[in-house]
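The values are calculated or read from the model by the stated rules, or taken from the named source; none is laboratory data. Predicted model only: the values in this text are computed from it and were never measured. Note that we place each Cβ from the backbone using ideal geometry, even for glycine, and neighbour counts take in every protein chain shown.
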Amino acid sequence: MRNFDRVGAGVLGLFLGLMPVVWADSGTAPGHSQDGGNQLMKGAVHWYEKAAETVGPVEGLAGAGRALTLQPGSFLYIEGGSTLHSYQMAAKALKGSAQLKGSAPHSLVTALQTGQVKAMTLVIPLKTLNSRDAGLDKNAYQALEAKDYPEIKFELTSETLTAGADPESYVMTARGIVTVAGQSAPVTLTADTTFQNDQARLKGVQKLKMTDFKITPPKMSILFVTVICTDEIEIHYDVILGAK
């Protein structure tokens, strides 16, 4: 993690080695995609917005009260930039679980409005986080110390649910801790939230800085050009939690 400069060669390969078509839309309308996608989305789907191939619960998060687990159709990807080009890394696998308190009302909306979430965790298995460049992926895994810290994790500490812009929508403010390669930092997520068939769909974009996790944004020089990666990255998520 602290040696993030090792990502440099892989990032450069991603930026210089891929044709512009890689960054163009490559999906089709939801329901017609050959490799899946969040069926709640509308319009064309980028390759990095396709649903995770594997979803499941977080191990060890159990107890009294109703359990919610991550549902098919969920996706998450990381987007970053540089002085040359942007890049994306999408999660092919995700794990997520929430535990409601034993006294929580049956209505999921009411339970979240009254602070009845006992625990919630979202996990990204690092080696399922892929770009479209194998060199970038390999160097990223090394820099993020995937061998010793194989997961990126978000753990909830508190949440509030308030009314959204229309009667069918809500806004969840989720405070928690993100841990990457042994380094943790507090974050506050603001997610557009909708409910259907006792499932909660959370959608949003979370900005983070590499330096918050003791990462030095990599830079590299090629001939007379210096390519510098931006400190800030974005976590795009669209996840669904529901009963098993």
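General remarks:
- First in segment 71-83 and within 11 Å of Y237 (Cα to Cα), second anywhere and among the hydroxyl-bearing types (S, T, Y), Cβ under 6 Å, 6 or more apart: L76/Y237; Y77/Y48
- Some residue of segment 138-145 being free of Cβ contacts under 8 Å to residues at least 60 places away in the same chain and among the aromatic types (F, W, Y): yes
- Filter result for G115 (closer than 23 Å to T190 by Cα and modelled with pLDDT under 95): yes
- If you check Y87, Y48 for being surrounded by 15 or more Cβ atoms within 10 Å (Cβ to Cβ), aromatic (F, W, Y), more than 17 Å from D238 (Cβ to Cβ) and modelled with pLDDT of 50 or more, only one passes: Y87.
- L126 passes every criterion in (1) under 20 Å from E234 (Cβ atoms); (2) surrounded by fewer than 19 Cβ atoms within 10 Å (Cβ to Cβ); (3) touching a Leu at 6+ places or on another chain (Cβ under 8 Å); (4) modelled with pLDDT under 95 apart from (2).
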